[in-house]
Structures are given as C-alpha cells and as structure tokens.
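Single-structure report; data block below.
The values are calculated or read from the model by the stated rules, or taken from the named source; none is laboratory data. Not measured: the values here are computed from a predicted model. Side chains included, ligands, DNA and RNA excluded: accessible areas come from the protein's heavy atoms. Shrake-Rupley method; radii C 1.70, N 1.55, O 1.52, S 1.80 Å.
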Amino acid sequence: MSTEPSPRRRLDQPRAPRRRFLPEYDPESFGRLSEQVARFLGTGRFIVWMTVVIIVWVVWNTMAPSAWRFDPFPFIFLTLVLSLQASYAAPLILLAQNRQDDRDRVNLEQDRKQNERSIADTEYLTREIASLRMGLGEVATRDWIRSELQDLVRELDKQRSVFPYEPSGPRDEGDR
C-alpha cells in the first residue's frame, strides 16, 4: 500500500471535462419532439393509419404467395412491432404530459400573482372610494348651498318686515 498523498485539487480553476459514455442531447429539443409525437398518437389519423397498416399486414401475410409472406399466421413479428411502438409511445406521452404539467404550474403561478395584484389594486381602489365618499360628506353641495341661501333670504325678509328700509337721503339713478 502506498502512502503517497493524492494530488491537491485547485478550487480556483474549473475541473477538466469528464469523458462521457452516453451521447449528449438537448433536452428541450427532445421534449418538443416528444410533444409532437404524443400529439400525433392522440389523433384519429394515427388510429386510422395504424388500422390500415395492420389490415394490410394481416391480408398480405395470409393471402400473398408463401414465398412473399414475411410473418406467417401467429403474426409474431407484427406483435413485436406493436409492442415496440407501445414501449416507445408510453414514455414519450408521459414526457409530454410532464412538460405540460410544468407549463401549467408556471401559468398557475403567474395567474396567482396576477390575482394577488388585482386584489391589492381592488382593495386600494375601495379605500380610495371610501375616502372620497367621506370627503364628499364634508363638501358643500349645490343643493345645500341653495337651501342655505334660501334660508338667509327668508331671514332677511323677516328682518325687513320688522325693520323696514328707509332711505336716508336722495337716491341716485345708478344706485341699487
């Protein structure tokens, strides 16, 4: 057993890239492809084409001359092809659903934030309207001023009847 210390790693420099055994791919591109495949698998067109292929397959392998048949009666190769298609379709559909769930989660979060902003704006506007109503209660309205002036005119009329106005001197034509 050797007692040599392991070489020190420097923390101020990035590590050298490791060798990868698996191929690299862009997860976003793969996700978009899976969504396209899932959308196609969920259409009536896919079902019609799959039905046509299976019917042609079965008819060819039962009616064609024996030398041309590539999958005799138990149709084992057809079963293998359908199983292979299903084994790839299921994970692609799940991947597409996961991406849709992620988008839905982001949309719900944005909707929640928008709702919070709308509620805050509504509460602010409600407080402002309440303060305006309270302020308007203290403001003299046209009807209130009119009624006050009418009361003053009545009071002046009463005082005039008690103390009639007597001119003290000659009146000019322009005085009123």
*Taking springs between alpha-carbon atoms closer than 10 angstrom, which of PHE46, PHE73, PHE163 fluctuates most in the Gaussian network model of the chain?*
PHE163
*Note down the accessible area of MET134, probe 1.4 Å, to the nearest 10 Å².*
140
_Highest-fluctuation residue, ARG69, ARG117, ARG15 considered, GNM on the chain with Cα pairs under 10 Å_ = ARG15
*What full-extension length gain, to one decimal in nm, is calculated for GLU128 and PHE46 as 0.36 nm per residue of separation minus the Cα-Cα distance?*
23.6 nm
*Whenever you get a sec, line up SER34, SER66, SER118 from highest to lowest accessible area (probe 1.4 Å, protein heavy atoms).*
SER66, SER118, SER34
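Just to confirm, what accessible area per residue do you get for segment 70-121 at 1.4 Å probe, in whole Å²?
Details: 4090 Å² over 52 residues.
Dividing the accessible area of segment 70-121 by its residue count gives 79 Å².
Over the chain, what is the relative contact order in percent, taking alpha-carbon pairs closer than 8 angstrom and at least six residues apart?
After rounding, I find 21 percent.
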*asked:* Cut-off 10 angstrom, C-alpha nodes, Gaussian network model of the chain. Which of LEU136, LEU33, LEU108 fluctuates the most?
replied: LEU136
*Using every pair of alpha-carbon atoms in the chain, split the distances into 10 Å bins beginning at 0 and state the percent of pairs per bin, rounded to integers.*
6, 12, 11, 11, 10, 9, 9, 6, 5, 6, 6, 4, 3, 1, 0
*Leaving ligands, DNA and RNA out of it, report the carbon-plus-sulfur percent of the accessible area of segment 1-83 at a 1.4 Å probe.*
65
_In order through segment 121-126: 3J(HN,Hα) via Karplus (6.51 cos²θ - 1.76 cosθ + 1.60), integer Hz, x for Gly, Pro_ = 4, 5, 5, 4, 5, 4
*For segment 1-105, just run the numbers: alpha carbon Rg, then divide by 2.2 N^0.38 Å, N being how many residues it has.*
1.91
_For the chain, take the longest principal axis of its alpha carbons; what is the angle in degrees between that and the long axis of helix 142-162, to the nearest 10 within 0 to 90?_
10
*In sequence order, what are the phi-derived ³J(HN,Hα) couplings for segment 56-67 according to the Karplus relation 6.51 cos²θ - 1.76 cosθ + 1.60 with θ = phi - 60°, rounded to whole Hz, with x for glycine and proline?*
4, 4, 5, 4, 4, 7, 10, 9, 5, x, 4, 5
*Over segment 93-152, what percent of the accessible surface lies on carbon and sulfur atoms, probe 1.4 Å?*
57
*So how much accessible area does TRP57 have, in Å² to the nearest 10, using a 1.4 Å probe?*
40
